[in-house]
Amino acid sequence: MSDNNAALHTSGDGSKRATPSILSVLADSLFLFTGPHQNYARTQKIASHNAPGIMDVKGKIVFQKKIKRQNYLLPVKRAAILRAVAVPVAPPSSSADGAEYRKQLSESYGFEQIGEPLPENVRLKDIIESLPKEVFEINDVKAWKSVLVSVASYTLGLIMIAKAPWYLLPLAWAWTGTAITGFFVIGHDCAHKSFSRNKLVEDIVGTLAFMPLIYPYEPWRFKHDQHHAKTNMLKEDTAWHPVWKEEFDSAPLLRKAIVYGYGPFRPWMSIAHWLLWHFDLKKFRPNEVKRVKISLACVFAFMFIGWPLIIYKTGIIGWVKFWLMPWLGYHFWMSTFTMVHHTAPHIPFKASEEWNAAQAQLNGTVHCAYPQWIEILCHDINVHIPHHISPRIPSYNLRAAHKSLQENWGKHLNEASWNWRLMKTIMTICHVYSKEENYVAFDRLKPEDSYPITFLKKVMPDLA
């Protein structure tokens with residue numbers, strides 16, 4: 001599940017372009033990695049396609065082979081107290097040492113496994129054909145069961161909000177926000193034609209599922225299809241991108257907004273994208289505009305009819321309690337799921353001429369396991385690798401498909417269980433695009449403007 005959309009950016013040759021608006025940059029860009037820059041020593045430049053090297057998020061070197069020293073700058077003074085710094089180190093050459101390297105790297109980043117790259121001759125078609133045919137089959141009973149689960153859990157959440165004392169409201173909001181994320185996943189299946197064999201049914205269910213989220217179904221569908229076709233393609237992917245250095249350097253106010261947006265506010269960044277990219281008719285092709293207008297009309301109908309009814313029955317405070325807070329909970333998951341699916345220091349974004357579909361979809365996507373109640377309410381959307389191998393796999397078949405991928409392609413998979421170290425790595429390392437390193441952290445480029453990042457390094461737990 002990915003939700004952001006690409007804007008036009010400066011090409012890698014450094015050509016000039018107009019500075020974008022703050023919200024546009026926050027909604028469009030993404031993130032990459034490294035650490036502070038004061039007192040430097042030389043170490044090796046990356047030698048593989050995706051091998052930033054290996055310091056844990058506390059800054060302690062956990063693994064390093066003997067390397068030939070070249071011109072690359074790295075902070076080393078008092079390295080033991082640095083936090084969230086990844087050091088570029090070439091992976092060992094032998095397969096045994098390579099496995100050890102990936103094991104140490106995965107521990108450093110909060111992963112259970114970092115997959116080794118696919119052989120260049122493997123095609124996406126080869127991976128799809130390795131999956132059992134039954135994982136592509138639509139089961140109407142299971143599909144409508146997922147709707148029942150979401151409606152029942154959302155209804156329970158509203159009852160909890162109504163009955164809970166004030167000090168238990170955060171728990172009720174967390175449950176309800178997660179439940180309506182399940183609505184999004186149902187609409188997500190409809191958009192991928194994996195909910196029903198009837199396209200009209202899918203359009204109706206998808207539109208209705210998105211309405212309480214005031215999310216226009218068709219605009220999101222058009223942009224999301226491009227994300228699947230161009231996953232982790234540097235300019236063409238419509239999901240989370242690294243921040244471009246030209247944007248980061250453009251103006252102090254813009255830089256401050258970017259640092260906050262891709263630092264402490266990152267778990268709600270999908271709100272900026274929702275606001276900027278789904279209501280502008282100019283962002284869509286002429287043959288898409290009619291369907292976009294229908295979706296916008298449905299969303300505005302909910303806002304102009306549903307919101308006044310909520311306020312009439314419960315007051316403004318009731319609108320905040322029953323709609324706004326669960327909606328913010330939904331966006332927390334929307335942002336968090338999306339950034340975890342394709343963002344890690346070792347996962348590169350590639351220019352279109354260097355991009356490989358099989359590598360991007362299998363080895364550039366992350367499987368992350370969450371607590372069971374979240375998986376149930378969100379219909380297994382975080383079993384995400386098979387979804388990127390083929391979006392036509394229904395959500396209730398994702399686990400069976402993932403098991404098949406583990407059996408046939410297991411050593412190439414990126415796998416994790418949600419943990420604080422994983423989130424800390426993404427939020428404090430994965431910032432500005434670098435072709436050589438994948439990511440450069442804000443506090444390396446501008447430490448004086450990166451207090452939110454250094455603050456996160458201090459306060460976020462380092463538990464994996």
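The values are calculated or read from the model by the stated rules, or taken from the named source; none is laboratory data. Quick caveat: nothing in here was measured; it's all calculated off a predicted structure. A quick note on method: Cβ atoms are made from the backbone with ideal geometry, for glycine too, and the neighbour counts reach across all protein chains shown. Accessible surface is based on the protein model in full, side chains and every heavy atom, while ligands, DNA and RNA are left aside. Shrake-Rupley method; radii C 1.70, N 1.55, O 1.52, S 1.80 Å.
Looking only at residues of region 414-464 that are touching a Gly at 6+ places or on another chain (Cβ under 6 Å) and among the β-branched types (Val, Ile, Thr), we find that the one that is farthest from ALA360 (Cα to Cα) is ILE453. Among the residues of region 413-456, none is identified as over 23 Å from LEU254 (Cβ atoms), open to solvent by less than 10 Å² (accessible area, probe 1.4 Å) and over 19 Å from the mean Cα position of the chain (by Cα). Scanning region 108-141 for residues that are among the β-branched types (Val, Ile, Thr), in contact with a helix residue (DSSP H, G or I) (Cβ under 9 Å, 6 or more places away or on another chain) and outside any loop (DSSP other than H, G, I, E, B) yields ILE127, ILE128, VAL135. Kindly provide the set of residues from region 175-233 that are open to solvent by 30 Å² or more (accessible area, probe 1.4 Å) and part of a loop (DSSP other than H, G, I, E, B), ordered by number. If the condition is that a residue be open to solvent by 30 Å² or more (accessible area, probe 1.4 Å) and part of a loop (DSSP other than H, G, I, E, B), then LYS193, ARG197, ASN198, LYS230 are the ones that fit. Against the conditions (1) open to solvent by 10 Å² or more (accessible area, probe 1.4 Å); (2) in a helix (DSSP H, G or I), LEU405 satisfies every one except (1). Determine whether region 418-436 contains at least one residue that is in contact with a helix residue (DSSP H, G or I) (Cβ under 8 Å, 6 or more places away or on another chain), under 22 Å from GLN226 (Cα atoms) and in a loop (DSSP other than H, G, I, E, B). Looking for residues that are in contact with a helix residue (DSSP H, G or I) (Cβ under 8 Å, 6 or more places away or on another chain), under 22 Å from GLN226 (Cα atoms) and in a loop (DSSP other than H, G, I, E, B), one finds none in region 418-436, hence no. Taken residue by residue, region 302-319 has no member that is open to solvent by less than 40 Å² (accessible area, probe 1.4 Å), in contact (Cβ under 8 Å) with a residue 24 or more places away in the chain, in a helix (DSSP H, G or I) and within 30 Å of THR365 (Cα to Cα). Out of (1) open to solvent by 30 Å² or more (accessible area, probe 1.4 Å); (2) within 25 Å of the chain's Cα centre (by Cα), what's the single condition that is false for ILE159? Among (1) open to solvent by 30 Å² or more (accessible area, probe 1.4 Å); (2) within 25 Å of the chain's Cα centre (by Cα), ILE159 violates only (2). Of all residues in region 250-259, one or more are at pLDDT 90 or above, surrounded by 22 or more Cβ atoms within 10 Å (Cβ to Cβ) and farther than 30 Å from GLY306 by Cα. Taking the numbered list (1) free of Cβ contacts under 8 Å to residues at least 24 places away in the same chain; (2) surrounded by 18 or more Cβ atoms within 10 Å (Cβ to Cβ); (3) among the aliphatic types (A, V, I, L, M) in turn, VAL289 passes all entries but (2). For the structure I just gave you, tell me whether VAL459 is of a type in the set (Val, Ile, Thr) and open to solvent by 10 Å² or more (accessible area, probe 1.4 Å). Yes: the conditions hold for VAL459.
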